[in-house]
1. If a residue must be β-branched (Val, Ile, Thr), within 19 Å of GLY71 (Cα to Cα) and assigned to a loop (DSSP other than H, G, I, E, B), how many such residues does segment 6-30 contain?
2. For segment 84-113, what are the residues that are under 19 Å from the mean Cα position of the chain (by Cα) and free of Cβ contacts under 8 Å to residues at least 60 places away in the same chain?
3. Among the residues of segment 146-167, write down those that are farther than 13 Å from VAL79 by Cα, under 14 Å from the mean Cα position of the chain (by Cα) and not hydrophobic (A, V, I, L, M, F, W, C).
4. Being modelled with pLDDT of 95 or more, among the small types (Gly, Ala, Ser) and in contact with a Leu (Cβ under 9 Å, 6 or more places away or on another chain) is the filter here; which residues of segment 155-187 pass it?
5. When both residues are 6+ apart or on different chains and their Cβ atoms are under 7 Å apart, which pairs have a first residue that lies in segment 254-276 and is of a type in the set (Asp, Glu), and a second that is surrounded by fewer than 18 Cβ atoms within 10 Å (Cβ to Cβ) and in a helix (DSSP H, G or I)?
6. Can you name every residue in segment 155-167 that is surrounded by fewer than 18 Cβ atoms within 10 Å (Cβ to Cβ) and over 17 Å from TYR106 (Cα atoms)?
7. List the number of the failed condition for ASP141; all other conditions in (1) within 17 Å of the chain's Cα centre (by Cα); (2) among the acidic types (Asp, Glu); (3) under 24 Å from PRO94 (Cα atoms); (4) assigned to a loop (DSSP other than H, G, I, E, B) hold.
Amino acid sequence: MFVATSAFAGVVAVPVTLGGVIHSDSDDTLAFTPDGSTVFFDRSEGPHKTVMIAHRVANHWSKPEVASFSGQWFDQDPVVSPDGSYMLFNSDRPTQPGGKPLTQNYFGGGVTAPGANIWRVDRTTHGWGKPVWLGAIVNSDVFIDFASIASDNTLYFMRWNAEGKAMQFWRSAYKNGQYQSPERVILGKPSETLHDPAIAPDQSFIVFDSGRIKGGLGRLKIAFRDGDHWGEPIDLGDDLNKDLPWGSHLAPDGHNVYVTGNSGIWQISLDPWLKASRNNERPPL
């Protein structure tokens, strides 16, 4: 464990291994069902990524298996809806039958790499269904990445802005069974590159990565909703950021966040920042 001292003394990042089933060198982006009995994550094997699933059985976690909808394509970043009725993930799989997998050359000096669109899988009485492409309103580019879901099914996600050479956040409301035209989400400076949104179920706060520190990774921050806009992002401190965390996912309790750093997966309590916000206090930067 390590303790953050630059923002709130005593904030601890707890390592997460789920009894040894999580591998720190290959696994990231933990996403739990609301009851905490099932976890999804993605596992890297060379240049390939696969969504894995494990179950809690008698206080122990089962050996992870490839999720029924994954294994063939470059799949990653699973996230479960707050009510547990469906999940989303990214994939380079063809969006039409017989099509080609998605590719992009936005990063790494223009080298061609897997693209990403967001897909949905519904929970059924027999497990998890078949993936369904989320549609062109959301998937308007070959790199639409890292979904986060609010309780009203509003979707937050990342999209690359080629002109500004920055990753941006977008928000798409869900009405009458359809996603609406996405709106830009600005957190801090409009030109700042943002990664990996984790929206609160009631959209009152968001945890995310901001800026470029090393290898495209930034610093972990939190921002609170202030009326019709977002307040100034609050940095979570040097110690919590020293492991270059990414891939934020909120725990089902809404008070903790799971992140992946260079040394593994960590659970961080957000209670000090949530309490300060409730009390209209400004945490130190």
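The values are calculated or read from the model by the stated rules, or taken from the named source; none is laboratory data. All values reported here derive from a predicted model rather than from experimental measurement. We place every Cβ from the backbone using ideal geometry, glycine too, and count neighbours over all the protein chains shown.
1. So in segment 6-30, the residues β-branched (Val, Ile, Thr) come out as 11-12, 14, 16-17, 21-22, 29.
After this cut, where a residue has to be within 19 Å of GLY71 (Cα to Cα) as well, the list is 21-22, 29.
Now narrow it down to the ones that are assigned to a loop (DSSP other than H, G, I, E, B): 21-22.
The qualifying residues number 2.
2. GLY84, SER85, TYR86, MET87, PHE89, ASN90, SER91, ASP92
3. Listed by number, the list holds a single entry, ARG159.
4. SER172, ALA173
5. none
6. None; the set is empty.
7. So the condition that ASP141 fails would be (1).
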